[in-house]
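The values are calculated or read from the model by the stated rules, or taken from the named source; none is laboratory data. Note that the structure is predicted; figures quoted are calculated from it, not measured. Using ideal geometry, Cβ is built from the backbone for each residue, glycine included, and neighbour counts are taken over all protein chains shown.
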Amino acid sequence: MHGRILLYFLVFLTACSLNATAAPKALKAGAHAIDITPTNFPVIVNGGFLSKTADKVHDKLHARCLVLDDGKTRIGMCVMDSCLIPRELTDEAKKLINRETGLPADRIMISTTHTHSAPSLMTCLGTDADPHYPAFLLPKIAEGFKRAIENLAPARVGWTVVQAPEHTHCRVWIRRPDKMITDPFGEKTVRANMHPGHQNPDCIGPEGPVDTGLTLLSIQGLNNQPIALLSNYSMHYFGAPAISADYYGRFAAKIEQLMGVTNQTPAFVGIMSQGTSGDLHWMDYSQPKKQVGIDAYAGELANMAFEASKQITYKDRVSLAMIEQEIKLGVRLPDEQRLAWARSTVEKMNGAAPKTIPEVYAREQIWLHDHPVRNIKLQTIRIGDLGIAIMPTETFSIIGLKLKLQSPLQPTMNIELANGEEGYIMPPELFPLGGYNTWACRSAGLETNAEPKIVGTLLEMLENVSGKKRQKITDTHGNYAKTVLGDKPIAYWRMNEIQGPVLDATKRRIPAVYEAGVVFYLDGPASPAFSGKDIINRAAHFAGGRMIVAPKHSSDKYSIELWFWNGLPSDARDVTGNLFACGDRLSIGGKSSSSGRLILSATNGEKLTGQTEVPLKKWNHLVLAREDRKVTVYLNGSVEISGEIMPPEASDCDKVFIGGDSGNNANFEGKLDEVAIYKQALKASEVSAHFKASGM
């Protein structure tokens, strides 16, 4: 009897223990912003190709520290006003923080805002680290964490996301094929480069999408008193004279003012962390230049954050989790010829700092040769149902979107330039376009497959901290897509993919292959009819590559339908661009004939020409319908070409080349979307219905 009572008692205690484990304890939070403004001048400043110094302070720099504790796990985050921090320095800082506070090194994140107006902590391009500032900084960071821990108090947290599309834009633009520029190694390789200038006629369009999300983590005391606001936005930097915290410091001051907590104790800490902004900037190069001031810019974002924070729902019992993982990645090593050039160039410098861009990159080739493998530290954090992905890279926006869309935690913010600086990363398909972000150096030197490895690891880590599987990126069909599918195409490639392969929306799942020179996830025709309400319809940008498919359709009875956005003026070359070819070839005329108009060419040399000059950089709906010798080309729902030409041989239709022809000549330059192939010749009424369904 006594044994049975004891057994029941033990079961009861076990149940109580399990319940205690399952229910998170009350959260505690503490924050502190410590002044890290240099006191020893002049100070070396990095962020440019060549070295420069500053001898005065325009506004103060801070390391903004935040500590959270759920009773089981304590994590610390620091966002400091600096351009870059090397891995070695963050490791040293974490050891010091651990000694002084007991906070485990693997529960600490240290990131930089990426202001280009702060003292240099590492050698980058032509700038060396300042000889005094790193030693000055380290104890300051430790003190910031110590003070944040001293400020720990019962707290509650909440989060939200607001879209801010007017304040960040793609800064890397694809250039015309006849307007390529030369890289620092003397080779004409640059099809895409940053900061092209406003409405530059030499450029076609941006090379990637924009993450416009402003993510907020708000921390309050149980008396509703604000403790900290951790904001996250993807915009590279604004630009300010050194020494300055750039817009990040102004944002922090403005949000404190808006919340009415400028004199509270402990002091409120406003934080703006850096999102995935490797290819983003505040300037919109698609529009005429505007005069925008840094104070106005920071104020507008702070106002948006303040208004959004009013809608946050708070929780005082959330669990925390944090993990970190290292992966080894190779660098893009110089070949023997480039290494010989680099050594010869550096030898002539006689130990002096680089004075030209070629000298900068010569020195960097030797560094890459001497450091062929990099250890990359990645982290993920879970705060309740909020995820944070943390990486030591300057990360292109499309990568941040991949993480946000697939993360099992919604929402997820991305913090880059954390726990080191390993340079720019971008998807593999962008490397063939060249440009500054691909010029191999320690700040842009990782292997071409670094991006999928980093994204894959971070998603696994987010799964780990959440205990959930990642989300699948789904393709939603609006009215236009449903109308197309209703007419039973052989294949229908919507081209909405954020990464390969290209997916067929029909049940046949006919594969399509992109060649090098095609990039993903650009804005497509802007209508909810394509992908649904409040969802951006995406398209692929063709910059020298083609999409190749093998749908097995008849050579004398078929239709091809697509949307196209031509980015090349009709006076650039003899043929402006081949839209597609499958024996029949449909192109846009150039200097040689029919400038800017559609031309349908048969394999025997017969041609039919349209009358409408296709507008530059505008979306157009296009259908070619063939039934034996009879062909009709529809442009935006109306007949543009009608007549008879010889059908191709069956062997000419084994493959369909989208964005080019079989000879890889005069490939299309611009965006293509919604490619469908039918075994029948679409009727005029069906074409009209498709165009009408688009809402364009």
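Among the conditions (1) among the charged types (D, E, K, R); (2) within 30 Å of GLY544 (Cβ to Cβ); (3) surrounded by 24 or more Cβ atoms within 10 Å (Cβ to Cβ), GLU421 misses just one, which is (2). Annotation note: Cβ proximity below 7 Å between a residue of the stretch 408-420 that is among the small types (Gly, Ala, Ser) and a residue that is modelled with pLDDT under 95 (sequence gap 6+ or interchain) occurs for no pair.
Could you identify the single residue in ALA681, ALA676, ALA666, ALA625 that is touching a helix residue (DSSP H, G or I) at 6+ places or on another chain (Cβ under 7 Å), surrounded by 14 or more Cβ atoms within 10 Å (Cβ to Cβ), touching a residue at least 60 places away in the same chain (Cβ under 8 Å) and not aromatic (Phe, Trp, Tyr)?
Details: ALA681 fails: touching a helix residue (DSSP H, G or I) at 6+ places or on another chain (Cβ under 7 Å); ALA666 fails: touching a helix residue (DSSP H, G or I) at 6+ places or on another chain (Cβ under 7 Å); ALA625 fails: touching a helix residue (DSSP H, G or I) at 6+ places or on another chain (Cβ under 7 Å).
Within the list ALA681, ALA676, ALA666, ALA625, the selection yields ALA676.
Remark: TYR480 matches the filter, which requires a residue to be surrounded by 22 or more Cβ atoms within 10 Å (Cβ to Cβ), at pLDDT 95 or above, farther than 27 Å from ASP654 by Cβ and among the hydroxyl-bearing types (Ser, Thr, Tyr).
Starting from residues that are in contact (Cβ under 8 Å) with a residue 40 or more places away in the chain and closer than 13 Å to SER570 by Cβ, keep the ones in the stretch 603-614 and report whichever is surrounded by the fewest Cβ atoms within 10 Å (Cβ to Cβ). Among residues in the stretch 603-614 that are in contact (Cβ under 8 Å) with a residue 40 or more places away in the chain and closer than 13 Å to SER570 by Cβ, the one surrounded by the fewest Cβ atoms within 10 Å (Cβ to Cβ) is GLU613. Only a single criterion out of (1) within 25 Å of THR356 (Cβ to Cβ); (2) out of contact with any His (no Cβ under 6 Å at 6 or more places or on another chain) is not satisfied by ARG171, namely (2). Residue count for the stretch 87-117 satisfying the condition of being out of contact with any strand residue (DSSP E or B) (no Cβ under 7 Å at 6 or more places or on another chain) and closer than 19 Å to VAL57 by Cβ: 2. The criterion of at least 3 residues that are within 32 Å of the chain's Cα centre (by Cα), assigned by TED's automatic domain parsing to the domain that holds TYR514 and aliphatic (A, V, I, L, M) is met by the following strands (runs of 3 or more DSSP E) wholly inside the stretch 634-684: 669-678. Of all residues in the stretch 428-443, those satisfying the criterion of being outside any helix (DSSP H, G or I) and surrounded by fewer than 24 Cβ atoms within 10 Å (Cβ to Cβ) are GLY434, TRP439, ALA440, CYS441, ARG442, SER443.
When residues in the stretch 545-568 are screened for being out of contact with any Asp or Glu (no Cβ under 8 Å at 6 or more places or on another chain), part of a loop (DSSP other than H, G, I, E, B) and crowded, with 18+ Cβ neighbours inside 10 Å, 2 of them pass.
The residues listed here are HIS369, HIS281; of these, the one that is outside the structural domain of TYR424 (by TED's automatic domain parsing), surrounded by fewer than 21 Cβ atoms within 10 Å (Cβ to Cβ) and under 23 Å from GLU421 (Cβ atoms) is HIS281.
Please verify whether ILE174 is modelled with pLDDT of 95 or more, under 27 Å from the mean Cα position of the chain (by Cα) and assigned to a strand (DSSP E or B), treating the condition exactly as stated. Before the answer, list the steps.
Details: modelled with pLDDT of 95 or more: yes; under 27 Å from the mean Cα position of the chain (by Cα): yes; assigned to a strand (DSSP E or B): yes.
Yes, satisfied.
Just wondering, is there one or more residues in the stretch 450-459 that are in the same structural domain as TRP367 (by TED's automatic domain parsing) and among the small types (Gly, Ala, Ser)? Scanning the stretch 450-459, I find at least one residue that is in the same structural domain as TRP367 (by TED's automatic domain parsing) and among the small types (Gly, Ala, Ser), so the answer is yes.
Going residue by residue through the stretch 447-458, is there one that turns out to be touching an Asp or Glu at 6+ places or on another chain (Cβ under 8 Å), under 26 Å from ARG363 (Cβ atoms) and not in a helix (DSSP H, G or I)? Taking every residue of the stretch 447-458 in turn, none turns out to be touching an Asp or Glu at 6+ places or on another chain (Cβ under 8 Å), under 26 Å from ARG363 (Cβ atoms) and not in a helix (DSSP H, G or I). So, in the stretch 487-511, of the ones that are touching a residue at least 40 places away in the same chain (Cβ under 8 Å) and among the small types (Gly, Ala, Ser), which residue ends up farthest from GLN680 (Cα to Cα)? Here the residue is GLY500.
The residue that is nearest to the chain's Cα centre (by Cα), among those in the stretch 529-544 that are assigned to a loop (DSSP other than H, G, I, E, B) and not β-branched (Val, Ile, Thr), is ASN537.
From the list VAL157, VAL162, the lone residue that is in contact (Cβ under 8 Å) with a residue 40 or more places away in the chain, in a strand (DSSP E or B), in contact with a strand residue (DSSP E or B) (Cβ under 6 Å, 6 or more places away or on another chain) and buried (at least 19 other Cβ atoms within 10 Å of the Cβ) is VAL157. A residue that is more than 30 Å from MET426 (Cβ to Cβ) and aromatic (Phe, Trp, Tyr) occurs somewhere in the stretch 548-560. Selection within the stretch 33-43: residues that are of a type outside the set (Gly, Ala, Ser), in contact with a helix residue (DSSP H, G or I) (Cβ under 8 Å, 6 or more places away or on another chain) and surrounded by 15 or more Cβ atoms within 10 Å (Cβ to Cβ). The member of this set that is farthest from PRO241 (Cα to Cα) is ILE34.
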